[in-house]
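Undergrad: Mind having a look at this structure? Questions to follow.
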Amino acid sequence: MSKLLNCITDKQTSYMPIWFMRQAGRYLPEFREIRKKNTDFIKLCLNERLSAEISLQPIYRFDIDAVIIFSDILMIPYGLGQKVEFVKGLGPILGDLNFNVVLNTKPDDFIKKLSPIYQAIKRVKTNIKNKSLIGFAGAPWTLLMYMLNKKSPKNNFEINKIIKNKSLMRDLIIKLEDIIFLHTKEQIKSGADIIQIFDSWAGLLPKDKISEYCYIPTSKIVKNIKSLKTPVICFPKGLGENYIDFCSAVQPSCISIDYEVDPMRIKDKVNGLPIQGGLDPKILLKGENEIKKNIDHYLDVFKNYPYIFNLGHGVLPETKPETIEYLIKYIRNKNG
Ligand code: CP3
């Protein structure tokens, strides 16, 4: 069994698995080289040969335990017929949302449109032996947010403008629950042995809307994925105090924490649920002593606990690959 499954399914603690969110990405010169020649990001995600190659890049460099498929959470809106573009300096820009097109997209057409992603997973699978292969999707709320806001919500986000039509929201959420499950099921059929659900903007939800937009839809998807005997890691970024409620409401197989969550506190409150991540990615831009001190904190808190080493969000583009290498060696020397 792979190291991640040992940790998540069997709750083994003798070895601490390591991987990184956004491990296949812009901090790697070999990724930038491919990206330079492939200016259309969506097309790159749909190039099965290149996306398999990019997924594998980090394991050629680092002694990590998992491969995450190179793709994007916004491939779902794309598969549902919404225009998605990645503009340098601006991030993702989406076209107007045509509700009829989205709500009437047939599962078979969706799968056909995204089939290169599933083919890429098959290719990656034949190239890895004892490593886990992580498939992923965005959570309903984060996808709904991008589909309606049509860009990053970093500036001027007003939730009430976004979710004003209640019955439409309900229809969209139901469609997203189905399509997210379909997308993850296809990834599992193609060889993914773990699924991670990214709810990167869960923190935008006011307390009285978290259940409706985050817990309830996510728990349906988690239940469906678990019924396929595949573990699910959930990353509801920004939930703060509500991380603990999330775990009891959603029942993921593993919870990925962000850098605002106190690792000691969550460990004490989740009844032995496997935990992943936490370290602030900005720490990796600092000096060696600062890095060591912060890693030590997570290693101390999670000693003899089923814990997967990862960050509290994705690797930043400014990170030096040598720092990642150093971090892995440091943990391996201490934790087998
Ligand atoms: O983790 C991995 O290595 C696998 C690949 C992966 C990408 N995106 C590739 C990517 C994964 C798992 C994602 C998830 C994703 N995409 C999330 C959830 C995680 C998170 O960061 O919160 C979100 C919110 C997105 C949407 C998205 N995609 C944004 C906001 C952006 C632009 C800014 C940014 O963070 O890079 C992207 C582009 C993107 N997705 C790049 C990569 C490698 C950079 C593309 C480029 O400009 O070269």
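The values are calculated or read from the model by the stated rules, or taken from the named source; none is laboratory data. None of the values given here were measured: they were computed from a predicted structure. In this analysis, Cβ positions are derived from the backbone assuming ideal geometry, glycine residues included, and neighbour counts consider all displayed protein chains. When the accessible area is computed, the model is the full protein with side chains, heavy atoms only, and any ligands, DNA or RNA have been set aside. Shrake-Rupley method; radii C 1.70, N 1.55, O 1.52, S 1.80 Å.
Undergrad: For the chain, what value does the Rg/Rh ratio take when both radii are computed over Cα atoms and Rh is the Kirkwood radius, given to two decimals?
TA: With Rh from the inverse mean 1/r over Cα pairs, Rg/Rh is 0.94.
Undergrad: Here's a follow-up. Keeping every protein chain present and rolling a 1.4 Å probe, give me the accessible area per residue for region 243-302 in Å².
TA: I get 43 Å² per residue for region 243-302.
Undergrad: Figure the gain on full extension for LYS329 and ILE93 (residue separation times 0.36 nm, minus the Cα-Cα span) and round it to one decimal in nm.
TA: Length difference between fully extended and current span is 81.1 nm.
Undergrad: How large is the charge dipole for region 210-336, taken about the Cα centre, if only the Cβ atoms of Lys, Arg (+1) and Asp, Glu (-1) carry charge, to the nearest 20 debye?
TA: Dipole size: approximately 500 debye.
Undergrad: Taking H placed 1.01 Å from N in the peptide plane, check which residues at least 5 places from ILE68 or on another chain put their amide H under 5 Å from its amide H.
TA: So ILE68 has HN proximity to ILE134.
Undergrad: Count charges around GLU260 for me, please; just the other residues with Cβ under 14 Å from its Cβ, Lys/Arg as +1, Asp/Glu as -1.
TA: Neighbour charge sum, excluding GLU260 itself: -1.
Undergrad: Only four residue types carry charge here, +1 at the Cβ of Lys and Arg and -1 at the Cβ of Asp and Glu. Report the dipole size of region 184-282 about the Cα centre in Debye, rounded to the nearest 20.
TA: Here the size comes out at about 400 debye.
Undergrad: Now for a different question. Amide H neighbours of ILE308 under 5 Å, at least 5 residues apart or on other chains, H built in the peptide plane: list them.
TA: For ILE308, the qualifying residues are ILE275, GLN276, GLY277.
Undergrad: Additional query: Once you've got the Cα coordinates, tell me which of LYS122/LYS303; LYS207/LYS267; LYS36/LYS189; LYS106/LYS164; LYS83/LYS229 are over 30 Å apart.
TA: Cα-Cα > 30 Å for LYS122/LYS303; LYS36/LYS189; LYS83/LYS229; rest within.
Undergrad: Let me ask something else about it. At 0.36 nm per residue, minus the direct Cα-Cα distance, what do GLN119 and ILE216 gain on full extension? Give it in nm, one decimal, please.
TA: Contour length minus Cα-Cα distance gives 31.8 nm.
Undergrad: Please identify the trypsin sites (Lys or Arg not before Pro) of region 66-169 that satisfy two criteria: DSSP loop assignment and at most 12 other Cβ atoms within 10 Å. Which are they?
TA: LYS88, LYS129, LYS154, LYS164
Undergrad: Whenever you get a sec, compute what percent of the accessible area on the chain sits on carbon and sulfur atoms (1.4 Å probe).
TA: It is 49 percent, rounded to a whole number.
Undergrad: Continuing with this model, one more query. Based on Cβ point charges of +1 for Lys and Arg and -1 for Asp and Glu, what charge dipole magnitude is obtained for region 265-336 about its Cα centre, in debye rounded to the nearest 20?
TA: My answer is approximately 220 debye.
Undergrad: Take the Cα atoms of region 253-336, build their convex hull, and give its volume per residue in Å³.
TA: Measuring per residue, one finds 91 Å³ for the Cα hull of region 253-336.
Undergrad: Let me ask something else about it. Each residue of region 204-221 in turn: what ³J(HN,Hα) in whole Hz from Karplus with 6.51, -1.76, 1.60 and θ = phi - 60°, glycine and Pro shown as x?
TA: Each residue of region 204-221 in turn: 7, 7, x, 3, 6, 10, 5, 5, 5, 9, 10, 4, 5, x, 5, 5, 5, 5 Hz.
Undergrad: On to the next question. Would you please give the residues with an amide H less than 5 Å from that of VAL84, counting only those at least 5 places away or on a separate chain, with H modeled from the backbone geometry?
TA: Amide H neighbours of VAL84: GLY95.
Undergrad: Counting only protein chains, not ligands or nucleic acids, how are GLU186, GLU288, GLU53, GLU30 ordered by accessible area (probe 1.4 Å), most first?
TA: Sorted by accessible area, descending: GLU288, GLU53, GLU30, GLU186.
Undergrad: Evaluate the Kirkwood expression for the hydrodynamic radius of region 1-115, namely the inverse of the mean inverse distance over all pairs of different C-alpha atoms, and round to one decimal in Å.
TA: One decimal place: 16.4 Å for the Kirkwood radius.
Undergrad: Label point 7 Å out from SER152 along Cα-to-Cβ: which residues of region 61-97 have amide N under 11 Å?
TA: Output list for this probe position: 87-93.
Undergrad: Whole number in Å², please: accessible area per residue of region 1-126, 1.4 Å probe, ligands, DNA and RNA not counted.
TA: It amounts to 47 Å² per residue over region 1-126.
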